[in-house]
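Trainee: Once you've had a glance at the structure underneath, I'll fire off some questions.
The values are calculated or read from the model by the stated rules, or taken from the named source; none is laboratory data. Since we're looking at a predicted model, the values are computed, not measured. Backbone-built Cβ (ideal geometry, glycine too); neighbour counts: all protein chains shown. Surface areas here come from the heavy atoms of the whole protein model, side chains and all, with no ligands, DNA or RNA. Shrake-Rupley method; radii C 1.70, N 1.55, O 1.52, S 1.80 Å.
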There are 2 protein chains.
Amino acid sequence: MKKISRRTFNKTLSKGLGGAALVSSMPLAACGLNGTSKNQNSLGIALVGLGSYSTYQLAPALQDTHYCHLAGIVTGTPEKEQQWAKRYNIPKTHIYNYENFDAIAQNDDIDIVYVVLPNSMHADFSIRAAKAGKHVICEKPMAMNVEECNAIIDACKKAQVKLGIGYRLHSEPYTQEVKRLVREKTFGNINYISADAAYQSLTNPNQWRLNKSLSGGGALMNMGVYSIQSLIYGSGQNPVSVTAQEFSTRPDYFKDTDETITAQFEFPSGTVGQMMTSHNVRANRLFASCDKGWFELDPASTYIPLAGRTSRRELNFPQESQQKLQMDDFARHVLEGTPNKAPGEMGKRDMIIVEAIYNSIAGGNKKIALDLGHMGITDS
Amino acid sequence: MKKISRRTFNKTLSKGLGGAALVSSMPLAACGLNGTSKNQNSLGIALVGLGSYSTYQLAPALQDTHYCHLAGIVTGTPEKEQQWAKRYNIPKTHIYNYENFDAIAQNDDIDIVYVVLPNSMHADFSIRAAKAGKHVICEKPMAMNVEECNAIIDACKKAQVKLGIGYRLHSEPYTQEVKRLVREKTFGNINYISADAAYQSLTNPNQWRLNKSLSGGGALMNMGVYSIQSLIYGSGQNPVSVTAQEFSTRPDYFKDTDETITAQFEFPSGTVGQMMTSHNVRANRLFASCDKGWFELDPASTYIPLAGRTSRRELNFPQESQQKLQMDDFARHVLEGTPNKAPGEMGKRDMIIVEAIYNSIAGGNKKIALDLGHMGITDS
């Protein structure tokens, strides 16, 4: 596992303070401990919500990013303000809470707001960020339902800001290789694709992910979104139907959210897809069987380094922080107009599928037809 | 892949000719080219149906078995009589066709009849074999439906002969290891089990397996039975419900049999099971995720050597003909009363599940409850 180096970013080099001239005259100071240098136009990111994902993944990754940097934080927990201010050298002026968040509009050092809150707060803060004139990265799942996804997309369009979903794998090299194999039809037609994304929750029944009013749903709204993503980029198509089943074996622990869900997808080319997601199972794999071979990622969607192989060879790509790659890709999209690898339409498409899966279960496991066209598919 | 040696079995040593005394005085002659020796009571097997499975798997395996040997053949194709008589030194008196088959009752050299015919003929020939006083091995799937399974079981009981199903994996070492891991709860509770068993048929739409009147069904009646078996011995339990879906992408080729079927199983302990079987996909795997680790076979049900691993180690067992082990186990069951590893009740149980899967599909993918108890589970 790659050890992510942490360094204190020299604020004087940030874009907001007119870094361009400084950088060219101070090349050494612009280098991180590991040699990473910031682009002269590096964009400032504010993290909204300082839970474990921000603490252990995003903030460390932002020390290594080239096109963006940690410029501010938004938290509802006063104790975290000091800790983060000290650790990452964040000035008081760049620290917000949920009430005064909208004042971020006046902060020119912050270009991007990354919403890392419980799902129920995604729409509210993404829309407020857009209204504040900031580009938005919204964690997955995009929102509680499709209606909220539409509201976020509309708000970003209206404010003319960019919108990305926190789908880190679209910048990750093993996933890129899968997309290339699919795009180039390396193994011919894909007849079957299977995606499991699950972990086992045992010790904290009161976490927000297991509280439906905060999460909108259980395993499906969490790891299930990775299974859906895997089936789509692993087949290069959107499904035309979905059928689903729910399993409950520990109802005392999983009080009001889904524990395990399986679903079957039909795709236009004839690919048959099957997925499993769970908060009570450990599994993480993408497998595709094709006319001329197969490919597999296992693990396929964890933070720890992915691994994979095809019927021809073992895959072997350099390991980097997935979140570093993801945030740099989004920053480049903003700065240079490179493709948005995980646009809002993709998050909305996945939410349409999530709703169809829940509807299939509610309707006695019946097949639900979908009409998604090419919606949300970025590069195949 | 193990090369199976072929040798001509010395008929004078067979049990039917009073081999016991001869064997003890002729130890060298009792040894095969590869050193395999026949038990002095080695049972004579007649293969009914000389298709590719008999030709390339069973007959070669019977050259290496210790407790049984190829003693006769039953075929509807006159040209095969000579070929087989010559290759395996089978006397004319031990060769039957489908019309004069019942005369096998008078042949004391034949103890076991192995029915390797298309599914539609399993019941008829198994019952006729029982009536002839012969022990019966019936290939999988046991029959066309549960009703026929009952008829076979009843006929064998009435005739007081033993009945085994051609489930070769119950004698295979990787499968035994899986059953041991399950029985001893090595990895704790099994939360999820997944079984894929499928191959791709491309060039022969007229084969009997794709003709419903001969096969009774497509992928599910063929490889699907392995998926069902995997889920059961991989979890150590019979399912309490099944839900299923059917997929058709090449209806011109798969005219009247199922191409791909997925199904989800609920088990009493809470294990969630998922299976896929197909005649249009290449996949063969058993995976179980447990509280304290996982185990996997891949391939899990092919004739070629199986392979497997657990969260602790790679599995590595000697490779032998699965069919050799299977037939020797059944012969020992007859000779010595060792357990019947794949009794008729197991074949019937699987046919109940097959029928439930077809019923689920016919009923719009609805969940079908099952009440199987411990039926067909032999050693867990």
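Trainee: In segment B:209-228, what residues are of a type in the set (Gly, Ala, Ser) and not in a helix (DSSP H, G or I)?
Mentor: Of everything in segment B:209-228, those that are of a type in the set (Gly, Ala, Ser) and not in a helix (DSSP H, G or I) turn out to be B:GLY216, B:GLY217, B:GLY218.
Trainee: Further question on the same structure: Take the residues of segment B:61-75 that are within 16 Å of B:LEU43 (Cα to Cα) and not aliphatic (A, V, I, L, M): which is surrounded by the fewest Cβ atoms within 10 Å (Cβ to Cβ)?
Mentor: Here the answer is B:HIS66.
Trainee: Return the only residue of B:ALA155, B:ALA103, B:ALA130, B:ALA151 being open to solvent by less than 10 Å² (accessible area, probe 1.4 Å), small (Gly, Ala, Ser) and modelled with pLDDT of 95 or more.
Mentor: Within the list B:ALA155, B:ALA103, B:ALA130, B:ALA151, the selection yields B:ALA130.
Trainee: Can I ask one more? From the residues in segment A:248-283 that are surrounded by fewer than 24 Cβ atoms within 10 Å (Cβ to Cβ) and of a type in the set (A, V, I, L, M, F, W, C), which one is farthest from the other protein chains (Cβ to nearest Cβ)?
Mentor: A:PHE254
Trainee: Exactly one of (1) more than 12 Å from chain B (Cβ to nearest Cβ); (2) within 20 Å of the chain's Cα centre (by Cα); (3) touching a residue at least 60 places away in the same chain (Cβ under 8 Å); (4) open to solvent by 20 Å² or more (accessible area, probe 1.4 Å) is unmet by A:TYR199. Its number?
Mentor: The single condition A:TYR199 does not satisfy is (1).
Trainee: Let me ask something additional. Within segment A:174-192, track down each residue that is within 11 Å of A:PHE295 (Cβ to Cβ) and within 14 Å of chain B (Cβ to nearest Cβ).
Mentor: Those that are within 11 Å of A:PHE295 (Cβ to Cβ) and within 14 Å of chain B (Cβ to nearest Cβ): A:PHE187, A:ILE190.
Here's the yes/no breakdown for (1) open to solvent by 40 Å² or more (accessible area, probe 1.4 Å); (2) in contact with a Ser or Thr (Cβ under 9 Å, 6 or more places away or on another chain); (3) under 22 Å from A:ALA331 (Cα atoms):
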{"residue": "A:THR77", "(1), (2), (3)": "yes, no, no"}
{"residue": "A:HIS94", "(1), (2), (3)": "no, no, yes"}
{"residue": "A:GLU99", "(1), (2), (3)": "yes, no, no"}
{"residue": "A:ASN107", "(1), (2), (3)": "no, yes, yes"}
{"residue": "A:ILE110", "(1), (2), (3)": "no, no, yes"}
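Trainee: Here are the criteria: (1) farther than 26 Å from A:ILE304 by Cβ; (2) touching a residue at least 60 places away in the same chain (Cβ under 8 Å); (3) open to solvent by 10 Å² or more (accessible area, probe 1.4 Å). Tell me which single one A:VAL242 does not satisfy.
Mentor: Against the list (1) farther than 26 Å from A:ILE304 by Cβ; (2) touching a residue at least 60 places away in the same chain (Cβ under 8 Å); (3) open to solvent by 10 Å² or more (accessible area, probe 1.4 Å), A:VAL242 comes up short only on (3).
Trainee: Test A:MET375 against the criterion of being under 19 Å from A:CYS156 (Cα atoms) and outside any loop (DSSP other than H, G, I, E, B), and give yes or no.
Mentor: No; evaluated as a whole, the condition is false for this residue.
Trainee: Within segment A:357-371, can you find the residues that are closer than 16 Å to A:GLU266 by Cβ, more than 14 Å from every other protein chain (Cβ to nearest Cβ) and surrounded by 17 or more Cβ atoms within 10 Å (Cβ to Cβ)?
Mentor: Scanning segment A:357-371 gives a single hit, A:LEU370.
Trainee: So, B:LEU231, is that one modelled with pLDDT of 95 or more, open to solvent by 10 Å² or more (accessible area, probe 1.4 Å) and in a helix (DSSP H, G or I) or not?
Mentor: No.
Trainee: With respect to B:THR302, is the statement that it is under 14 Å from B:GLY166 (Cα atoms) and either in contact (Cβ under 8 Å) with a residue 12 or more places away in the chain or buried (at least 18 other Cβ atoms within 10 Å of the Cβ) (or both) true?
Mentor: Here the answer is yes, as B:THR302 does meet what is asked.
Trainee: Would you be able to say whether some residue in segment A:334-346 is at pLDDT 95 or above, touching a His at 6+ places or on another chain (Cβ under 9 Å) and open to solvent by 50 Å² or more (accessible area, probe 1.4 Å)?
Mentor: Within segment A:334-346 (the criterion being at pLDDT 95 or above, touching a His at 6+ places or on another chain (Cβ under 9 Å) and open to solvent by 50 Å² or more (accessible area, probe 1.4 Å)), the answer is yes, since at least one residue qualifies.
Trainee: Would you confirm whether any residue within segment A:343-350 is within 18 Å of A:GLY164 (Cβ to Cβ) and acidic (Asp, Glu)?
Mentor: Yes.
Trainee: Tell me yes or no: at least one residue of segment A:203-221 is more than 17 Å from the chain's Cα centre (by Cα), open to solvent by 10 Å² or more (accessible area, probe 1.4 Å), free of Cβ contacts under 8 Å to residues at least 12 places away in the same chain and within 14 Å of chain B (Cβ to nearest Cβ).
Mentor: yes
Trainee: Kindly list the number of the only condition in (1) surrounded by fewer than 18 Cβ atoms within 10 Å (Cβ to Cβ); (2) out of contact with any Cys (no Cβ under 8 Å at 6 or more places or on another chain); (3) not in a helix (DSSP H, G or I) that fails for A:GLY188.
Mentor: Of everything listed in (1) surrounded by fewer than 18 Cβ atoms within 10 Å (Cβ to Cβ); (2) out of contact with any Cys (no Cβ under 8 Å at 6 or more places or on another chain); (3) not in a helix (DSSP H, G or I), A:GLY188 misses just condition (2).
Trainee: Further, regarding this structure: Only one residue in B:PHE295, B:PHE317 is part of a strand (DSSP E or B), of a type outside the set (Gly, Ala, Ser) and more than 24 Å from B:CYS149 (Cβ to Cβ). Which one?
Mentor: Of B:PHE295, B:PHE317, the one residue that is part of a strand (DSSP E or B), of a type outside the set (Gly, Ala, Ser) and more than 24 Å from B:CYS149 (Cβ to Cβ) is B:PHE295.
Trainee: Please go through segment B:288-299 and pick out each residue that is facing another protein chain (nearest Cβ under 8 Å) and open to solvent by 20 Å² or more (accessible area, probe 1.4 Å).
Mentor: The answer is B:ASP291, B:TRP294.
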